[in-house]
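Chemist: Okay, handing you the structure first.
The values are calculated or read from the model by the stated rules, or taken from the named source; none is laboratory data. The structure presented is a predicted model; accordingly, all values stated were derived computationally and were not measured. Note that each Cβ is placed from the backbone with ideal geometry, even for glycine, and that neighbours are counted across all protein chains shown. The protein model used for the area step is the full one, side chains on, heavy atoms only, and it has no ligands, DNA or RNA in it. Shrake-Rupley method; radii C 1.70, N 1.55, O 1.52, S 1.80 Å.
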Amino acid sequence: MNQQETLALWKQGKESWNSWALKMLAERQQLEDTGKWYLEEAEAGHRVGGNQFTREWLGRARAIFSTSSNPLHSAHNPDFISVEFPGDVIFDNAQFNGAVNFSHANIHGSASFRNAIFTGESTFSDVTFSGNGLFENAAFNENTRFEGAIFRRNAIFRKTKFRCYAASFKSCHFKWSANFDESTFQNNAFFGNAVFEGTAIFNAASIGGLSSFRSAEFFSSSTFHETKFHGPSGFGLCQFHKHAFFSHADFCGTATFRLSSFHADVHFESTTFSKPANFSETFFGESTSFYSAQVHQSLDLTKSEFLYVPDFRQMHCSEAPLFDEIIIKHGKYKKIKKPPFESTASQLSISAKYRALKRLAIQGHDHKHEVEFFAEELRSKRLMIYKPTDPNWWLSHCFENLSNYGQSIVVPLLWWLLTVAVSALMYIATTTPLDALRSNRCVEGAGSQINSAYQLAFSKGLLIPSLSDRTIITQAYNCLYGDIVPGIVSVISGIQSLASTILIFLFILGLRNRFKLK
């Protein structure tokens with residue numbers, strides 16, 4: 001039917017419309033029974049008649065309500081509840097000024113709502129789209145419901161604007177692709193319990209018949225709780241400005257979140273990734289939780305940035321995750337902060353999160369990040385759990401300042417040089433006056449008592465006998481003290497030896513950790 005015939009039939013009422021629709025469906029069944037029905041796939045999801053009988057039926061079954069040249073402006077609340085559409089139905093550029101309800105409608109062909117504007121509430125709950133569902137460039141200004149809808153072919157929501165308070169796709173079933181390229185959700189988006197049965201992809205590249213959420217933007221919370229993705233899935237280049245919930249979701253195919261940004265909390269608790277999951281170059285601005293998630297293949301976090309410590313506790317990875325060039329601001333820049341709510345559990349969780357990250361790094365033989373995460377685990381304990389009255393607080397504080405928790409080579413070396421210098425000054429302060437004989441020997445040996453003090457301090461600081469010349473040590477003692485060495489010198493020497501032992505150990509530890517020596 002053309003537009004004029006379609007609107008004329010619709011004005012006769014829903015009963016007359018459904019009577020005509022059932023008659024058309026009966027004719028189709030007759031064509032199928034006699035072998036005269038033949039459809040061809042012109043493009044993905046778009047079917048055309050393969051013979052004259054089929055083409056004629058498709059033409060008579062098509063319902064055209066609105067076109068770009070003659071758009072429909074609905075002034076009242078149209079009721080399409082349980083309406084049968086035997087063939088394609090076209091609402092392109094239509095403007096629905098009031099609420100519109102398509103609940104339980106059955107669309108046997110494709111449904112086109114390109115550039116349509118829904119000013120009031122729009123309801124497509126439990127609608128069956130046997131052909132393509134085309135909502136490209138549509139605008140939904142009030143609450144939108146597609147709950148329980150079934151898309152048997154392509155669902156195209158490319159560049160669609162959901163300005164409504166809530167856009168609900170709960171329990172939707174997408175049997176083919178679902179294309180949400182560059183769509184925007186101004187408020188809450190609900191995809192909980194939805195099923196993406198085909199190749200559901202939300203990534204940066206749109207490739208021929210695949211579904212995509214390319215550059216989609218969620219300005220409020222988005223919920224994909226218990227959503228099932230049977231094919232490849234991804235959310236590359238997406239922007240999540242508020243909470244994102246993917247808890248208990250099931251990604252049966254590859255999951256791509258590359259170059260996405262989560263500006264608020266994101267939840268992947270108990271989520272299952274059966275194929276590789278790619279989170280490379282992704283930004284996580286608030287709390288990030290993969291608690292008890294299951295990753296059966298690879299997890300790529302290369303160059304990802306976390307503002308807060310991510311939660312990987314109880315996470316199981318069959319293959320070790322990739323942490324190359326990962327940034328955790330609280331760790332890398334030593335700006336660990338207490339959680340906004342003060343509680344023992346929340347404070348303990350920071351070190352536990354780093355411990356989980358360390359476990360995953362050990363699993364991947366990633367020694368560099370193993371050391372980094374261990375250091376942040378110790379630092380978080382000192383800042384979150386220990387108090388200055390606790391000896392552990394001071395031990396941790398010293399470990400950090402003397403070697404950055406075993407990560408630095410330069411810091412313990414500088415401390416060792418400082419220890420040598422201070423010890424030399426102490427040796428000079430305790431020296432005894434020179435007589436003529438000792439003075440001559442000092443000049444012939446070290447040149448002065450000051451030089452002797454530094455020789456003695458340096459030799460004592462090396463600890464290992466083979467590295468320090470015993471003749472030089474004896475000569476320094478004679479020049480500084482003669483035959484009788486004051487008792488205080490033994491105390492100074494003992495303290496220097498103890499300090500040097502600790503600093504040399506930390507220096508060797510830094511070398512080991514720097515060059516990943518076992």
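Chemist: Could you give the dipole magnitude of region 145-202 about its Cα centre, charging the beta-carbon of Lys and Arg +1 and that of Asp and Glu -1, in debye to the nearest 20? Display every interim value, and only then the final one.
Modeler: On the way: 9 positive and 4 negative charges, 39 e Å.
Its charge dipole is roughly 180 debye.
Chemist: Keeping all protein chains in the complex and leaving out DNA, RNA and ligands, what accessible area do you get for Leu498 with a 1.4 Å probe, in Å² to the nearest 10?
Modeler: About 110 Å², rounded to the nearest 10.
Chemist: For Tyr405, Tyr165, Tyr291, give me the order by solvent-accessible area with a 1.4 Å probe, most accessible first, ignoring ligands, DNA and RNA.
Modeler: Details: Tyr405 5, Tyr165 150, Tyr291 90 Å².
Per-residue accessible area, sorted high to low, gives Tyr165, Tyr291, Tyr405.
Chemist: While we're on this one: Compute the Cα gyration tensor for region 1-96, then decide on rounded, prolate or oblate, letting a ≥ b ≥ c be the square roots of its eigenvalues: rounded whenever a/c is under 1.5, prolate when a/b is larger than b/c in the other cases, and oblate in all that remain.
Modeler: Working: a/c = 2.49, a/b = 1.53, b/c = 1.63.
Oblate is the answer for region 1-96, as a/c is 1.5 or above yet b/c matches or exceeds a/b.
Chemist: Order 93-106, 145-158 from most to least packed using the mean count of other Cβ atoms within 10 Å. Write out the running numbers ahead of the final one.
Modeler: Numbers: 93-106: 19.8, 145-158: 23.6.
Top of the packing list down: 145-158, 93-106.
Chemist: What is the Cα centroid distance between region 357-432 and region 4-54, reported in whole angstrom?
Modeler: 78 Å
Chemist: Taking the Cα centre of region 10-79 as the origin and placing charges on Cβ (Lys, Arg +1; Asp, Glu -1), which of Gln29, Asn77, Trp57 is farthest toward the positive end of the dipole?
Modeler: Asn77
Chemist: Now a separate question. Rank Phe53, Phe235 by accessible area, highest first, at a 1.4 Å probe radius?
Modeler: Details: Phe53 105, Phe235 0 Å².
Descending order: Phe53, Phe235.
Chemist: Leaving ligands, DNA and RNA out of it, rank His108, His369, His46, His73 by accessible area with a 1.4 Å probe, largest first.
Modeler: On the way: His108 45, His369 10, His46 65, His73 115 Å².
Descending order: His73, His46, His108, His369.
Chemist: Filter Lys161/Lys242; Lys11/Lys36; Lys36/Lys170; Lys303/Lys516; Lys175/Lys303 down to the pairs with a C-alpha to C-alpha distance above 29 Å, please. Before the final figure, lay out the partial values.
Modeler: On the way: Lys161/Lys242 17 Å; Lys11/Lys36 32 Å; Lys36/Lys170 39 Å; Lys303/Lys516 21 Å; Lys175/Lys303 34 Å.
Too far apart for the 29 Å limit: Lys11/Lys36; Lys36/Lys170; Lys175/Lys303.
Chemist: Next up: Rounded, prolate or oblate: which fits the chain when a ≥ b ≥ c are the square roots of the eigenvalues of the alpha-carbon gyration tensor, with rounded for a/c under 1.5 and prolate only if a/b beats b/c? List each step's numbers first, then the result.
Modeler: Numbers: a/c = 4.88, a/b = 3.95, b/c = 1.23.
It comes out prolate by the Cα gyration axes.
Chemist: Here's something else I'd like to know. Under a point-charge model restricted to the Cβ atoms of Lys and Arg (+1) and Asp and Glu (-1), what is the dipole moment magnitude of the chain relative to its Cα centre, in debye to the nearest 20?
Modeler: Numbers: 49 positive and 46 negative charges, 236 e Å.
Computed about the Cα centre, the dipole is about 1140 debye.
Chemist: What spacing in nm lies between the two simple spin-label points modelled at Ser68 and Lys14, each 7 Å away from Cα in the Cβ direction?
Modeler: 3.3 nm
Chemist: Next up: Setting aside same-chain residues fewer than 8 positions from Lys329, which aspartates and glutamates have a Cα under 20 Å from its Cα?
Modeler: Straight-distance partners of Lys329: Asp265, Glu281, Glu286, Asp300, Glu305, Asp311, Asp366, Glu370, Glu372, Glu376, Glu377, Glu400.
Chemist: Mean Kyte-Doolittle hydropathy of -1.0 or higher plus an axial Cα length of 27 Å or more: which whole DSSP H helices in the chain meet both? Please list the in-between numbers first.
Modeler: Working: long enough: 14-33 (28 Å, -1.17); 344-363 (29 Å, -0.03); 410-429 (29 Å, 2.07); 487-514 (41 Å, 1.45).
Helices meeting the span and hydropathy rule in the chain are 344-363, 410-429, 487-514.
Chemist: What Cys residues in the chain have no fellow cysteine's beta-carbon under 4.7 angstrom?
Modeler: Cys164, Cys172, Cys238, Cys252, Cys317, Cys398
Chemist: In region 184-324, if the dipole is taken from +1 on Lys/Arg beta carbons and -1 on Asp/Glu beta carbons about the Cα centre, which of Phe246, Asn187, Gly198 is farthest to the positive end?
Modeler: The Cα lying farthest towards the positive end belongs to Gly198.
Chemist: Let me ask something else. Of the options Ile362, Trp17, Thr256, report the single residue whose Cα projects farthest towards the positive end of the charge dipole of the chain (beta-carbon charges: Lys, Arg +1; Asp, Glu -1).
Modeler: Checking the options against the dipole of the chain, the answer is Ile362.
Chemist: What accessible area, in Å² to the nearest ten, does a 1.4 Å probe give for Phe268?
Modeler: 0 Å²
Chemist: Where the accessible area of the chain is counted over protein heavy atoms with a 1.4 Å probe, how much of it, in %, is carbon and sulfur? Walk me through the numbers before you get to the answer.
Modeler: Details: 13180 of 23730 Å².
Carbon-and-sulfur percentage of accessible area, whole number: 56.
Chemist: According to the square roots a ≥ b ≥ c of the eigenvalues of the Cα gyration tensor, what is the shape class of region 220-323, taking rounded for a/c under 1.5, prolate for a/b larger than b/c otherwise, and oblate for the remainder? Could the numbers behind the result be given before it?
Modeler: On the way: a/c = 1.33, a/b = 1.17, b/c = 1.13.
Rounded.
Chemist: Might you report the magnitude of the Cβ-based charge dipole of region 369-429 about its Cα centre, with Lys and Arg at +1 and Asp and Glu at -1, to the nearest 20 debye?
Modeler: Details: 4 positive and 6 negative charges, 48 e Å.
In total the dipole reaches around 220 debye.
Chemist: Sequence neighbours fewer than 8 away in the same chain don't count; with that in mind, list the aspartates and glutamates whose C-alpha is under 19 Å from Lys159.
Modeler: Straight-distance partners of Lys159: Asp92, Glu136, Glu142, Asp181, Glu182, Glu217.
Chemist: Can I ask one more? For region 60-119 and region 269-307, what is the centre-to-centre distance using only Cα atoms, to the nearest Å?
Modeler: Result: 41 Å between the Cα centres.
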